[in-house]
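The values are calculated or read from the model by the stated rules, or taken from the named source; none is laboratory data. Quick caveat: nothing in here was measured; it's all calculated off a predicted structure. FYI the Cβ positions are ideal-geometry reconstructions off the backbone, even for glycines, and counts take in every protein chain you see. Keep in mind that these areas ignore ligands, DNA and RNA; they rest on the heavy atoms of the full protein, side chains included. Shrake-Rupley method; radii C 1.70, N 1.55, O 1.52, S 1.80 Å.
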Amino acid sequence: MKSNNRAWLITGVAGFIGSNLLLELLQNNCKVVGIDSFITGKKENLEYVKSLVSKSQWNNFTFFNDDLRDHNICQKVTKGIDIILHQAALGSVPRSVKDPILSSDININGFLNIIDAARLNNVDRLIYASSSSVYGDSIELPKVEDVTGNVLSPYALTKLVNEEQAKVFSRTYGIDVIGLRYFNVFGSMQDPNGEYAAVIPKWIDSIMNQIPIEIFGDGNTSRDFCYIKNVIQANLLAATTSNPNALNQIYNVAFGGRTSLNDLFNIINTTCSKFGFNYSLEPKYKDFRPGDIKHSNADISKIKKLLNYDPIYDVSKGLSETIRWYVES
């Protein structure tokens, strides 16, 4: 990465994952273009990245405050780009249940615009964020890439459509595309606020501020939580692999384990206490939400074999680093 002159585009660059990718690339002296509409992305994330890199590294970054639903904008930002890391999306299953039109418009049309712009501008490779939600009602554990069920939410449907669009563009136009199915990513620069905040930053914030915590279901629901640095590794391996068999594939991106929500609460609570935050409240249990799945656990043998992926951050280690970041921030 440091020795070549490839130009990178990060969509959703002010979001949680996008801003972490930006930091990694700039610290490796890469030339980066970023685009974000700030529907969910945060200007504070970009300012934080700027504070951690040198002036010359920051000058390698060009930012566009624009929307991927405009095809002309997508053509503009992809000119001269070698690799696209497509992270832009309107996340959250509950949000998509509440407003399926907006989720579909951003996630499906935005992706179609960016992959078509990649075709028109001869971009070498496009890496895009998919989701474990595409496994839907499949009860098989661990989740294997070739075995999916019926999707359970409009959000999951948008990600499944993205995967099918990528296959069509790869077959029809010869574009090298790799899809990454993220499993419950967490880490620094993840927003703890708002109705649709992810569980880990929301609970960390709640424990630090003595706010009641809600658990949907009985707490035995489990997830394969994946620390952000594992996700960065997966993106960079996908973007730079020279293995032809690794291209035009879909991969699970996770640690490869299962943590129940009850266990997650205990780990976060114990770790926060080490930083002086002693939580005195008990979780409140509520009914399951529409679209939620009961259990999620990834088989990561495919990405290990084809991309040499090696996640070194388990839930405990990742949470320790994450909580330290929230405390220091």
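List of remarks:
- Reported count of residues in the stretch 162-188, each being farther than 24 Å from Ile300 by Cβ and of a type in the set (A, V, I, L, M), is 2.
- Residue under evaluation Glu321, criteria (1) of a type in the set (Asp, Glu); (2) part of a loop (DSSP other than H, G, I, E, B); (3) open to solvent by less than 80 Å² (accessible area, probe 1.4 Å), criterion not met: (2)
- Within the stretch 249-257, none of the residues are part of a helix (DSSP H, G or I) and open to solvent by less than 20 Å² (accessible area, probe 1.4 Å).
- Considering residues of the stretch 289-309 that are in contact with a helix residue (DSSP H, G or I) (Cβ under 6 Å, 6 or more places away or on another chain) and buried (at least 18 other Cβ atoms within 10 Å of the Cβ) only, the residue farthest from Ile232 (Cα to Cα): Gly291
- Scanning the stretch 153-193 for residues that are of a type in the set (A, V, I, L, M) and assigned to a loop (DSSP other than H, G, I, E, B) turns up Ile175, Met189.
- Top-ranked residue of the stretch 33-52 - restricted to ones that are of a type in the set (Gly, Ala, Ser) and surrounded by fewer than 22 Cβ atoms within 10 Å (Cβ to Cβ), ranked as nearest to Trp325 (Cα to Cα): Ser51
- Hey, Ser138 of a type in the set (Ser, Thr, Tyr), crowded, with 19+ Cβ neighbours inside 10 Å and farther than 20 Å from Asn248 by Cα or not: no
Here's the yes/no breakdown for (1) aliphatic (A, V, I, L, M); (2) in contact with a Ser or Thr (Cβ under 9 Å, 6 or more places away or on another chain); (3) open to solvent by 10 Å² or more (accessible area, probe 1.4 Å):
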{"position": "Asp66", "(1), (2), (3)": "no, yes, yes"}
{"position": "Ala89", "(1), (2), (3)": "yes, yes, yes"}
{"position": "Val93", "(1), (2), (3)": "yes, yes, yes"}
{"position": "Ser104", "(1), (2), (3)": "no, yes, yes"}
{"position": "Gly110", "(1), (2), (3)": "no, yes, no"}
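- Residue match in the stretch 124-144 (condition: farther than 28 Å from Lys42 by Cβ and assigned to a strand (DSSP E or B)): yes
- Of all residue pairs spaced 6 or more apart or on separate chains, those with beta-carbon atoms under 7 Å, a first member in the stretch 82-110 that is among the basic types (Lys, Arg) and a second member that is surrounded by 21 or more Cβ atoms within 10 Å (Cβ to Cβ) and at pLDDT 95 or above are Arg95/Ser103.
- Scanning the stretch 203-220 for residues that are buried (at least 19 other Cβ atoms within 10 Å of the Cβ) and within 24 Å of Ala254 (Cα to Cα) gives Trp203, Ile204, Ile215.
- Identity of the residue in the stretch 72-87, in contact with a helix residue (DSSP H, G or I) (Cβ under 7 Å, 6 or more places away or on another chain), open to solvent by less than 50 Å² (accessible area, probe 1.4 Å) and not in a loop (DSSP other than H, G, I, E, B), that ends up farthest from Arg125 (Cα to Cα): Cys74
- Residues of the stretch 25-55 that turn out to be in contact (Cβ under 8 Å) with a residue 40 or more places away in the chain, farther than 17 Å from Asp82 by Cα and not in a loop (DSSP other than H, G, I, E, B), as a count: 2
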